[in-house]
Amino acid sequence: MALFFLVLTFVLHLLFMNAMLGSAIMAFICELRGKKAGPSKDISTKLPYTIAFTVNLGVAPLLFLQVLYGQFIYVSSVLMAGFWLAVIGLIIMLYYSAYIYDFRFEKMPGARTFFIGLTAILGLIVAFLFTNNMTLMLRPETWQEYFGNRSGTLLNLNDPTLWPRYLHFIVASIAVGGLFQAVLAKMRKTLPDRQYKIDHGMRWFTIATVVQILVGFWFLISLPREVMLSFMGGDAPNTVIFILGLAVAAVSLIFGITRRVLPATAATIATVLFMAIVRDLVRTEFLKPVFHPSDLKVAAQYSPMIVFLIVLVLGLGIMAYMLHLAADSGKEAK
Ligand code: HEM
């Protein structure tokens, strides 16, 4: 049950994180290229919302992660404690720079590139620290490095999966960021340059998804041999889920090439869901020699669970309503 909610809430976190980071990177590149008709203005008004959703939707998977893998995530967080605690400060700075980019968009045209660049770079750093922690927790055999460095600044830099895994998330962010812009433009019938913005977003989505084929392959071959083989026939359920993930990713690419925004969105959400399950299976395979979540003793407590479910459903409903209002926020900004 907890595993189900870990994956579900992580998918929500990831979709918003992708939309936020991808949009910030897109806006930064458009500012650098001096694109007037680009999506920067639209992105500036949406960015603070996506940051808020990313952060809030990160809390639930963090709690489930601690329940299921506490003995791993606590250790890795302590080993890199300096960086891990810095995440809070980095996110606050990211938030500030995104707000300045939004509220001063017209008044400080000269400083726009700086603030959106700062937002994007801080997001890239935070994501890098997350990937470090999520991979360090999977390698208990390296934790003794603590005895050579007790300052809480250990990173997982010599793990061959670190860079391909990180790039996999960043390229996915760029793809989802492009798709997010296309969806927003599609929803707003009166938006100036609407068709241009849809095509522009879908172009980013398609190119990033093509690049992802290479990065994903690199990530796969960087995994330890026995983990990789479990997805290539070694373990039937792992292989089936992985193939389903690849199949829906291929479908999303076809919809990207044919510029079909809503079908591409549905296929992308399905891809993220399958890939999040695959990611969890990778974690299970890594930890197999020492731990499996089924080893945990279960003492069922249904009343907090029911309260959680009610709050989750209510919360998602309120979020959907807020997003509906936010889709019109361009009007407020005028
Ligand atoms: C700018 C803000 C953020 C960015 C860019 C970001 C990015 C990421 C990325 C890239 C991952 C995947 C790492 C990997 O598996 O290699 C991740 C995982 C995760 N993030 Fe975030 N994150 C942000 C904020 C937060 C916050 C504020 C929280 C908690 C309050 C959070 C909770 C989590 C959790 C729990 C996971 C791992 C879930 C799991 O392993 O199943 N994130 N994040």
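Taken together, the values in this text are just the output of simple stated rules run on the coordinates, not laboratory data. This is a predicted model, so every value here is computed, not measured. When we count neighbours, we look across all protein chains shown, and the Cβ atoms used for this are built from the backbone with ideal geometry, even at glycine.
Reducing region 128-147 and region 106-125 to their Cα centroids gives an inter-centroid distance of 31 Å. Simple point charges give the picture: +1 on the Cβ of Lys and Arg, -1 on the Cβ of Asp and Glu, and for region 2-298 a dipole about the Cα centre of about 1100 debye. Peptide packing for 17-30, 119-132, 74-87 was compared via the average number of neighbouring C-beta atoms within 10 Å per residue; ordered from the highest value, the list is 17-30, 119-132, 74-87. Largest first, the extents of the alpha carbon coordinates of region 219-287 on the three principal axes equal 39, 20, 16 Å. Counting every alpha-carbon pair across the chain, the share separated by more than 35 Å comes to 23%. Normalised by residue number, the volume inside the convex hull of the Cα atoms of region 1-76 is 85 Å³ per residue.
Between the helical axis of 261-287 and the longest alpha-carbon principal axis of the chain there is an angle of about 20 degrees. Within the same chain, aspartates and glutamates fewer than 8 places from Lys189 are excluded, and of the rest, those with a Cα less than 15 Å from its Cα are Asp42, Asp199, Asp328. Considering helices alone, the calculated mean residue ellipticity of the chain at 222 nm is -27000 deg cm²/dmol, with DSSP H runs of length four and up weighted by -39500 (n - 2.57) and normalised per residue. Counting only residues at least eight positions apart within a chain, or on another chain, the lysines with an alpha carbon under 19 Å from that of Lys297 are Lys288.
Couplings 3J(HN,Hα) for region 70-86, derived from phi with the Karplus relation 6.51 cos²θ - 1.76 cosθ + 1.60 (θ = phi - 60°), are x, 5, 9, 5, 5, 5, 5, 5, 6, 4, 10, 3, x, 5, 4, 5, 5 Hz, where x marks Gly and Pro. Give the Debye-formula value of log10 I(q)/I(0) at each listed q (0.14 Å⁻¹), with one equal scatterer per alpha carbon of region 1-138, two decimals each. At q = 0.14 Å⁻¹ the computed log10 ratios are -0.67.
Each label point was placed 7 Å from the Cα along the Cα-to-Cβ direction; for Val67 and Val240 their separation is 2.6 nm. Within the listed set Asn238, Asn133, Asn149, the residue fluctuating most in the Gaussian network model of the chain (springs between alpha-carbon atoms under 10 angstrom) is Asn149. The GluC sites (Glu not before Pro) found in region 79-187 that occupy coil by DSSP, while having at most 15 further C-beta atoms within 10 Å, are Glu106.
Region 239-313 to region 12-73: how many Å between their Cα centroids? What the calculation gives is 19 Å, centre to centre. The Rg/Rh ratio of region 38-119, with both radii computed over alpha carbons and Rh defined as the Kirkwood radius, is 1.12. Other residues lying with their Cβ under 12 Å from the Cβ of Gln181 contribute a combined charge of +4, Lys and Arg counting +1, Asp and Glu -1.
For the chain, modelled as a GNM whose springs connect Cα atoms under 10 angstrom apart, the maximal fluctuation among Ser40, Ser97, Ser230 occurs at Ser230.
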